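The values are calculated or read from the model by the stated rules, or taken from the named source; none is laboratory data. Owing to the predicted nature of the structure, the values given are computational and were not obtained by experimental measurement. Counting neighbours? That spans all protein chains shown, and the Cβs are built from the backbone with ideal geometry, glycine included.
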Amino acid sequence: MKSYWETSRAPRYSLIFALPLFLVYEGLASALGDAPGATAVRNAADVALKTPFFLLSGARGSLVFFATIIAACIFLVGRDLARARERLKPRTFLLMLGESALLALLLGVVVGTLTQRLLGVLTALAAQSGSVTPLSQLGLGTRLMLALGAGLYEELLFRVLLVGGIAAGLAWLIGRRTWVTGAIAAVAGALIFSAFHYVGEYGDRFELASFTYRTIAGLAFSALYLVRGFGITAWTHALYDVYVMVL
């Protein structure tokens, strides 16, 4: 278990484990967007991450983004494999999938219970009420695509870039990294993550219950990212959203 705990966080496992989310999401988004009469719907974090690439590369922005992600994964995984000097073990990926599925089931119970305790309400999961286009009106494929995209791109944007960037910036200002810098980054990232769900055409109507729920979920994902790494956090988020949006 100690070996699994350490190796599952390593880039050679974490990034390869997250790669299917990236490929399936992009494949579904492309197929659904090209369908006759289809309206292009994308995860908002996906749009936020790709916008700079479109501004710099025009119509080729999506292809440049895709190539950049693949190149970064190849570099990081290759470097980690060279350092580890061992073959990848398929059993580790199966254990990571099982862990993510279990964490996804626990997430709603734990975060929902904390929200109810804080608010004293029974409607903590009013995540989609009041949205301009409710998820129930979207097709199964679109809901699956959005669920996978949330796990991948929201974790990349809000945990890796935002929380990691805030923590690094605070550490630079005070001259060292402490648990305080991590805690401030996690709280700030959770608040921004929650607020992000109310922005744009498909954003939800603001409600205290859903905002509180998402803020606590953001803190949970930040803690999970710090403890278990990007791959397991992305899959936990994706599987939880598949449960909520699809199943």
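Odds and ends about this structure:
- Criterion violated by F158 - all others in (1) hydrophobic (A, V, I, L, M, F, W, C); (2) at pLDDT 75 or above; (3) not in a helix (DSSP H, G or I) satisfied: (3)
- Y153 part of a helix (DSSP H, G or I) and of a type in the set (F, W, Y): yes
- When R214, R205 are checked against the criterion of being of a type in the set (K, R) and surrounded by fewer than 19 Cβ atoms within 10 Å (Cβ to Cβ), R205 stands alone in meeting it.
- R177 meets the conditions (1) touching a residue at least 12 places away in the same chain (Cβ under 8 Å); (2) out of contact with any Asp or Glu (no Cβ under 8 Å at 6 or more places or on another chain); (3) over 13 Å from L156 (Cα atoms) in every case but one. The failed one is (1).
- Residue pairs meeting the criteria (Cβ under 6 Å; at least 6 apart or on separate chains; first more than 30 Å from E6 (Cβ to Cβ) and among the aliphatic types (A, V, I, L, M), in region 56-80; second modelled with pLDDT under 95 and surrounded by 11 or more Cβ atoms within 10 Å (Cβ to Cβ)): V64/F53; V64/S57
- Verdict on L21 being touching a Gly at 6+ places or on another chain (Cβ under 7 Å) and buried (at least 16 other Cβ atoms within 10 Å of the Cβ): yes
- Members of region 118-141 that are more than 17 Å from D204 (Cβ to Cβ) and either at pLDDT below 65 or part of a helix (DSSP H, G or I) (or both): L118, L122, L140, G141
- Residue within region 43-60 that is over 23 Å from the mean Cα position of the chain (by Cα), modelled with pLDDT of 95 or more, surrounded by 12 or more Cβ atoms within 10 Å (Cβ to Cβ) and of a type in the set (K, R) present: no
- So A183, is it more than 21 Å from I69 (Cβ to Cβ), out of contact with any helix residue (DSSP H, G or I) (no Cβ under 8 Å at 6 or more places or on another chain) and not aromatic (F, W, Y): yes
- Residue in region 185-202 that is nearest to E155 (Cα to Cα), counting only those that are modelled with pLDDT under 90 and either surrounded by fewer than 16 Cβ atoms within 10 Å (Cβ to Cβ) or more than 19 Å from the chain's Cα centre (by Cα) (or both): V199
- Failed condition for V64, given (1) hydrophobic (A, V, I, L, M, F, W, C); (2) in contact with a Ser or Thr (Cβ under 6 Å, 6 or more places away or on another chain); (3) within 23 Å of V242 (Cβ to Cβ): (3)
- Evaluation of I216 against the conditions (1) modelled with pLDDT of 90 or more; (2) over 17 Å from G112 (Cα atoms) shows that the sole unmet condition is (2).
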